[in-house]
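Before any comments, here is the structure.
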Amino acid sequence: MAGQGEQRYRSWVEVDLDNYRHNWAEVRRLVGPNVRILQVVKADAYGHGAIEISNEAMKNGASFLGVANADEGVQLRVGDINSPIVILSPATYSEVKEIIKYNLTPSVSDVHFARELERGLEKAGKRLPVHIEVDTGMGRGGTIYSEALPVIQEVLGFPHISVEGIFTHLSSSEVEDDAYNQIQWEHFSRLLKSLEEKGIRIPIRHMSNSGGVLNFPRFNLDMVRPGIMTYGIYPGESTVSKAHLVPVMSFKTSVVLLKDFPGGYGIGYGRTYVTGGPTRIATIPVGYGDGYGVILSNQGEALVRGKRAPVVGRVSMDMCTLDVSHIPECEVGDEVVLLGRQGEGYISANEIAAKAKSISYEVICALGKRAPRVFVNQGKADSVEPRLRRIFIPDEEKSIARIDGMIRRCFQAKTRSEELGDAIYYEMIETLFGKEDRQLELRTHFKYDVHVKEFSDEEKTADGSVEDYLKVVTNVEYTKTLRNDVFLIGCAMNNRHLAALFADPRCEYRWLLNEQSATFKESDFKVERVSVDGEGIPIIRTERTDRGFEVWCGGDFLNRKLGSPVRVKVEITTKKLKSSNVFSVFLVYPTRGLEISFNYAGTRIGNVRDVSFFSGRRSDPEVVKTEGKSVNIRVGDRDWIFPTSGVIFIWDL
């Protein structure tokens, strides 16, 4: 029986994304459309692969991801996950810097940590949401429910912290008739009522884990935090009838050696198993180093050609042995299933846990911990590339050096030239990360629509000073992760202004007018409208500064979108000197998917042509020209474009 992964790997973990989506749909069915879902992905998504599971969760509507510590959150950020990430365990003071840098949402269990976080945020000039954890009887993290009110009130007073959520954790949710669940519910409910009586309404209240979702629908509140059930495992026997869940993980290997032994032959360390007669033994390359515990020696089982084969002898670090005497057709290379289904046979995590005197959570977190993950999507294995990103980032310096080395080698391989690869690296990476604390910003579905028009008679000044200019109306839109609730759109008059605007992380968009600042009037650069996810964003103020003209937008109402992907739209009206004959569009961030249109119908300019310079897989974008009307540049939505790319439009008068 040939397996799907054995030709590439000694052993492998199969993660069935189709089954994961089925379980997700069950959660959504149970909680309804109005309850948010936080997908718990701590411990590498219970061993399933946190990056891939996180991507699937967000595609299916997860509002948040839940991790155990800052390191797990950083792993997701390094893996290009931009969604809100909540650290569900109490954080340490040493994690504050990473929490701020990587835009993670910590849980607050005591006011001392909140004060340390506030100091860090004030120094960084940033604002972050937090979730308050309340201990209603779990006895681990959280501030004790009877002492929580003054803690919450103090945290609410910190100017750089927004209290986005409040939660507690059930200790016995898998047991429906355990009265302790009701006691915890009453403690939490009374605290929420006390807050409301004082006019405090925290937006997101959450309590239910997987057992809560299945046993206590009334505990759903604003959000639930399913973990084990999304991976296809019931948290307790009494929950089996509450939903139809299917396992997501299988752990597989293959037979690497077959030997026939006579009776009386010792197998493995310590001769804990001695053959009682002629016996065929299959060796498989899995041991306690792969999370298959020593306790399963002489009691574990595996599936070979759809039949159960007992583990015999002591499980060693890298190997164990199976008695396949009753499976004469077994051959070297046959697939072996230690967890999961093969033919009519099935070995569950709960079965392994019972033999190991453990719980299913520990089994799936440990099994195959050094094996690659092969993702099954729409019935096909490897349709999602395995990514071995489940490694700890030891510290900032080593992590940056490691990533730098990987990127440089990729450029060198792509260009087949070490010198050229390094040149591209320094041009792009050093530009992006010239400052140590600069965060990489990615944009997708970038649209840049410029309409060049003649000024109307009503718009011309008395002395006709706009005769030498064209009116330019530009609509820019893109998707990005929102970092600031107040941001600016800057108009630079020279390159010095432009450099200063680039240095400000709050500057959302920059325009180079190339005008002498002495002659600049506010009407020369007008931000007509700004929106985020279709919601109009007010202009707070406009001002002349030593870096040009600044238009400030936003407000506290954007806090709920911080750390989330949003669609930003900006419309600007300005002017362009006709005699310059050139209009440039540059990309300064890595961008996926691009449309640039230059529309000039009704003007007296002609012979418009484009000069494109794009770096990325699509260095030759699609160009569509309509003579006398427009030039359109397009790069597909799946293709990335590197910074310093762009297009120049040139015309004749």
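The values are calculated or read from the model by the stated rules, or taken from the named source; none is laboratory data. From a predicted model like this one, the values you see are computed outputs, not experimental measurements. Backbone-built Cβ (ideal geometry, glycine too); neighbour counts: all protein chains shown.
Being without any contact (Cβ under 8 Å) to a residue 12 or more places away in the chain and either touching a strand residue (DSSP E or B) at 6+ places or on another chain (Cβ under 7 Å) or farther than 27 Å from ASP468 by Cα (or both): is that true of ARG541 here? First the steps, then the outcome.
Details: without any contact (Cβ under 8 Å) to a residue 12 or more places away in the chain: yes; either touching a strand residue (DSSP E or B) at 6+ places or on another chain (Cβ under 7 Å) or farther than 27 Å from ASP468 by Cα (or both): yes.
Yes.
Within region 197-216, can you find the residues that are within 15 Å of ARG36 (Cβ to Cβ) and assigned to a helix (DSSP H, G or I)? Reasoning before the result, please.
We begin by selecting, within region 197-216, every residue within 15 Å of ARG36 (Cβ to Cβ); these are 202-209, 212-213.
Scanning region 197-216 gives GLY212, VAL213.
For PHE520, indicate whether it is surrounded by fewer than 19 Cβ atoms within 10 Å (Cβ to Cβ) and touching a Gly at 6+ places or on another chain (Cβ under 9 Å). Yes; evaluated as a whole, the condition is true for this residue.
If you check VAL315, VAL304, which single one turns out to be in contact with a Cys (Cβ under 7 Å, 6 or more places away or on another chain) and surrounded by 18 or more Cβ atoms within 10 Å (Cβ to Cβ)? Don't jump to the end; show me each part of the working.
Numbers: VAL315 fails: in contact with a Cys (Cβ under 7 Å, 6 or more places away or on another chain).
So the residue among VAL315, VAL304 that is in contact with a Cys (Cβ under 7 Å, 6 or more places away or on another chain) and surrounded by 18 or more Cβ atoms within 10 Å (Cβ to Cβ) is VAL304.
Regarding GLU133, is this residue buried (at least 21 other Cβ atoms within 10 Å of the Cβ), at pLDDT 95 or above and of a type in the set (Asp, Glu)? Criteria met by GLU133.
Among residues of region 81-104 that are outside the structural domain of ALA45 (by TED's automatic domain parsing) and closer than 15 Å to ILE166 by Cα, none has a Cβ under 7 angstrom from a residue that is among the polar types (S, T, N, Q) and assigned to a strand (DSSP E or B) at a sequence gap of 6+ or on a separate chain.
State whether the residues of region 526-537 include one that is within 28 Å of SER579 (Cα to Cα), touching a Gly at 6+ places or on another chain (Cβ under 8 Å) and buried (at least 19 other Cβ atoms within 10 Å of the Cβ). Quick ask: steps written out before the conclusion?
Initially, region 526-537 is screened for residues within 28 Å of SER579 (Cα to Cα), giving 526-528.
Retained after the next criterion (residues that are touching a Gly at 6+ places or on another chain (Cβ under 8 Å)): none.
No, region 526-537 contains no residue that is within 28 Å of SER579 (Cα to Cα), touching a Gly at 6+ places or on another chain (Cβ under 8 Å) and buried (at least 19 other Cβ atoms within 10 Å of the Cβ).
Look at (1) within 24 Å of ARG28 (Cβ to Cβ); (2) part of a loop (DSSP other than H, G, I, E, B) and you find that GLY263 fails only one, number (1). Of the residues making up region 54-85, those that are at pLDDT below 95 and either assigned to a strand (DSSP E or B) or out of contact with any strand residue (DSSP E or B) (no Cβ under 9 Å at 6 or more places or on another chain) (or both) number 6.
Residues checked against (1) surrounded by fewer than 21 Cβ atoms within 10 Å (Cβ to Cβ); (2) closer than 30 Å to ARG314 by Cα:
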| residue | (1), (2) |
| --- | --- |
| GLY211 | no, no |
| LEU214 | no, no |
| PHE219 | no, no |
| ARG225 | no, no |
| LYS252 | no, yes |
| LYS259 | yes, yes |
| TYR265 | yes, yes |
| THR272 | yes, yes |
| GLY277 | yes, yes |
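Residue count for region 584-606, restricted to those that are crowded, with 17+ Cβ neighbours inside 10 Å and more than 17 Å from THR626 (Cβ to Cβ): 7.
Listed residues ARG341, ARG314; which is in a strand (DSSP E or B) and of a type in the set (Lys, Arg)?
On the way: ARG314 fails: in a strand (DSSP E or B).
Sole residue among the options that is in a strand (DSSP E or B) and of a type in the set (Lys, Arg): ARG341.
In region 571-609, of all residues being part of a helix (DSSP H, G or I) and of a type outside the set (D, E, K, R), the one that is nearest to LEU488 (Cα to Cα) corresponds to SER580. Annotation note: Cβ proximity below 6 Å between a residue of region 137-162 that is free of Cβ contacts under 8 Å to residues at least 24 places away in the same chain and a residue that is outside any loop (DSSP other than H, G, I, E, B) and surrounded by 19 or more Cβ atoms within 10 Å (Cβ to Cβ) (sequence gap 6+ or interchain) occurs for ILE144/ASP135.
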